[in-house]
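The values are calculated or read from the model by the stated rules, or taken from the named source; none is laboratory data. Not measured: the values here are computed from a predicted model. Here the Cβ positions follow ideal geometry from the backbone for every residue, glycine too, while neighbour counts run over all protein chains shown.
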Ligand code: COA
């Protein structure tokens, strides 16, 4: 069965994580993604944190599956000529170089448009065009600090903290993929391409929307009722770090289970949904709390919410996180075990759904990766190995019309 993006040709001029995550997703969905890499070294992630000597690192393989690799020195005349030919016959070019790098290489938007008016040029930068930090180079954690995630994550008595989730990198790539698909849809109607730009700061902030909500509530009220600082602590004039508090109207916290003293992940997340108060009391063996006016409304529980969590922890002390969730799920209580990466890697449901997949790589052997989190009724996403550096150079050049002699000359001139 044909894949939805079959026939779409994408020049993947990306590196590290934000750009590659975007183009990998489009490759899974059927686009022909040609990764353009500097001869010799390629994407820097090929060699970062290797676990098999001289083989591509997992950082690279897990973000570049289903692509082809073309090595090309785009600073040589021959390399520029190849890139120009590719641009002329492609639909999308994706890049996430430092600010101005593409222009310095001679590939300004005007030049790209003159080569192909239908081209969609999709870029990731740290900050948006015109921003007072637009000249800055940016990595994941820098973006988390600039986008409001770090100042609002962690505990109130600790420093700003970054999340392990790639809010600045892969999240920005996902935003870019949405932008590209939107521009492709528009191109189907108008025939013309356009520039699509996403900044890492904006993408992080987009996920910190509720914290901007909280800043405005704090400005208006002077307190935030769902934060652990309320009602016994104090607030300043900025949104504080709230530890593990839930961000909505349902109080929640990470609670210890049996074995927490030795297992760093023997915890569950427990949510007290207002309308589930009665089932919670039944599950905990506290039926007397159901109608007690000291407990039976969210307002009444507010000032003793940590006493309630403490009580739940004593109930949990005889149960593993999995046993606890198996009991609580029967009472319709939103909860989950805190899963380690090892537990996730071995989770049969995630294997079954294709969210965790095993891939065979010619140099590193079998490894696990995260497959498509998006499921389709009419398409099964197949995750294939990432390409070796320059694996498809000759194939791509032949398809562009170069003869064997011309290709050999380019190799000799180190243009490819
Ligand atoms: N042939 C020849 N030159 C190439 C090339 C190729 N195939 N591919 C890249 N280059 C050159 C670029 O032209 C640039 O040269 P220049 O600086 O002389 O103009 C250089 O290699 C690489 O530039 P840059 O992207 O700035 O690399 P860096 O390692 O200094 O910075 C980042 C890395 C990620 C910090 C930077 O690219 C960046 O800020 N990107 C935007 C935000 C982003 O995506 N961050 C990473 C998220 S995972």
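For the range 87-105, taking the residues that are within 23 Å of residue 203 (Cβ to Cβ) and part of a helix (DSSP H, G or I), the one that is nearest to the ligand (Cβ to nearest atom) is identified as 101.
Residue pairs whose Cβ atoms lie under 6 Å apart, separated by 6 or more positions or on different chains, with the first residue in the range 268-292 and exposed (fewer than 14 other Cβ atoms within 10 Å of the Cβ) and the second assigned to a helix (DSSP H, G or I), are 274/298; 287/281. Which one is nearest to residue 86 (Cα to Cα) among residues in the range 1-19 that are touching a residue at least 60 places away in the same chain (Cβ under 8 Å) and more than 8 Å from the ligand (Cβ to nearest atom)? Per the criteria, the residue is 11.
Of all residues in the range 106-153, those being within 12 Å of residue 168 (Cβ to Cβ) and more than 11 Å from the ligand (Cβ to nearest atom) number 7.
Scanning the range 126-181 for residues that are closer than 12 Å to residue 199 by Cβ and touching a strand residue (DSSP E or B) at 6+ places or on another chain (Cβ under 8 Å) turns up 126, 127, 128, 129, 131, 134, 138, 172, 175, 176, 179.
Have a look at 263, 291 and point out the one that is in a loop (DSSP other than H, G, I, E, B) and over 34 Å from the mean Cα position of the chain (by Cα). Quick ask: steps written out before the conclusion?
Working: 263 fails: over 34 Å from the mean Cα position of the chain (by Cα).
After applying the criteria, what remains is 291.
The C-beta contact set for the range 59-80 (first residue free of Cβ contacts under 8 Å to residues at least 24 places away in the same chain and closer than 28 Å to residue 108 by Cβ, second residue away from the ligand (no atom under 11 Å from the Cβ) and part of a helix (DSSP H, G or I), distance under 6 angstrom, 6+ apart or interchain) is empty.
Quick one: is residue 45 surrounded by fewer than 24 Cβ atoms within 10 Å (Cβ to Cβ), within 13 Å of the ligand (Cβ to nearest atom) and farther than 21 Å from residue 361 by Cβ? Answer is no for this residue.
Condition test on residue 141, is it touching a helix residue (DSSP H, G or I) at 6+ places or on another chain (Cβ under 6 Å), free of Cβ contacts under 8 Å to residues at least 40 places away in the same chain and either within 30 Å of residue 63 (Cβ to Cβ) or surrounded by 15 or more Cβ atoms within 10 Å (Cβ to Cβ) (or both)? In short, no. Assess whether residue 369 counts as being modelled with pLDDT of 95 or more and outside the structural domain of residue 45 (by the TED database). Against the criterion (modelled with pLDDT of 95 or more and outside the structural domain of residue 45 (by the TED database)), residue 369 does not qualify.
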